Amino acid sequence: NNFNPNDFYRFTVQSQGDRRSIDIINDGQNNKLTLARTSHVSSQRWKLRSLGNNYYRLTTEWQGEDKSLDVVNDGILDHKLSLAPTGQYSGQMWKITPVGNGFYRLTTQWKGYKRSLSFFSNSVVLANTKCSNEQFWKITRA
């Protein structure tokens, strides 16, 4: 993975194509993820900062380096995602693994390979890993 730490990237999921990108809902809390119509907005532009061993920290241009993509530790399903204050948390350490044809699977250090970034029921969540075009992400320069 040759992601430039100075560039911004867009995440699209294979099942939806390039017309929808991971975005942050502008609701005053500004920490919930959605898949929105692809547009040129700072909330769809992500930085990937290498943490070593194919793990990355994901932050948006809009919220900056102080907020990272994280797994909500609710002690139940641990499937919800949010932008949370940046820290040394394994739920903010994302492994980006090529799956072929320019697509990637994203998993966290915390939950390991058994849970993957997924587009499910019109939401972006961490779901049980399976071979599904709802878990294959294209990462392109934004």
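The values are calculated or read from the model by the stated rules, or taken from the named source; none is laboratory data. Predicted, not measured: the structure shown is a model, and the values here were computed from it. Counting neighbours? That spans all protein chains shown, and the Cβs are built from the backbone with ideal geometry, glycine included. Only protein heavy atoms, including side chains, enter the accessible area calculation; ligands, DNA and RNA are left aside. Shrake-Rupley method; radii C 1.70, N 1.55, O 1.52, S 1.80 Å.
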For residues that are over 17 Å from residue 77 (Cβ atoms) and surrounded by fewer than 12 Cβ atoms within 10 Å (Cβ to Cβ), tally how many sit in the range 123-132.
1
Apart from one, (1) at positive phi; (2) loosely packed, with under 14 Cβ neighbours inside 10 Å all hold for residue 74; the odd one out is (1)
Any residue at all in the range 44-51 that is closer than 20 Å to residue 142 by Cβ, open to solvent by less than 60 Å² (accessible area, probe 1.4 Å), of a type in the set (S, T, N, Q) and touching a residue at least 40 places away in the same chain (Cβ under 8 Å)?
yes
Among (1) assigned to a strand (DSSP E or B); (2) open to solvent by 50 Å² or more (accessible area, probe 1.4 Å), there is one condition residue 110 misses while meeting the rest; what is its number?
(1)
Which count do you get for residues in the range 51-81 that are more than 14 Å from the chain's Cα centre (by Cα), at pLDDT 95 or above and outside any loop (DSSP other than H, G, I, E, B)?
2
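Matching residues to (1) of a type in the set (Val, Ile, Thr); (2) more than 12 Å from the chain's Cα centre (by Cα); (3) assigned to a loop (DSSP other than H, G, I, E, B):
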site	(1), (2), (3)
2	no, yes, yes
5	no, yes, yes
22	yes, no, no
26	no, yes, yes
29	no, yes, yes
35	no, no, no
49	no, yes, no
Given (1) open to solvent by less than 20 Å² (accessible area, probe 1.4 Å); (2) part of a strand (DSSP E or B), where does residue 98 come up short, assuming only one miss?
(1)
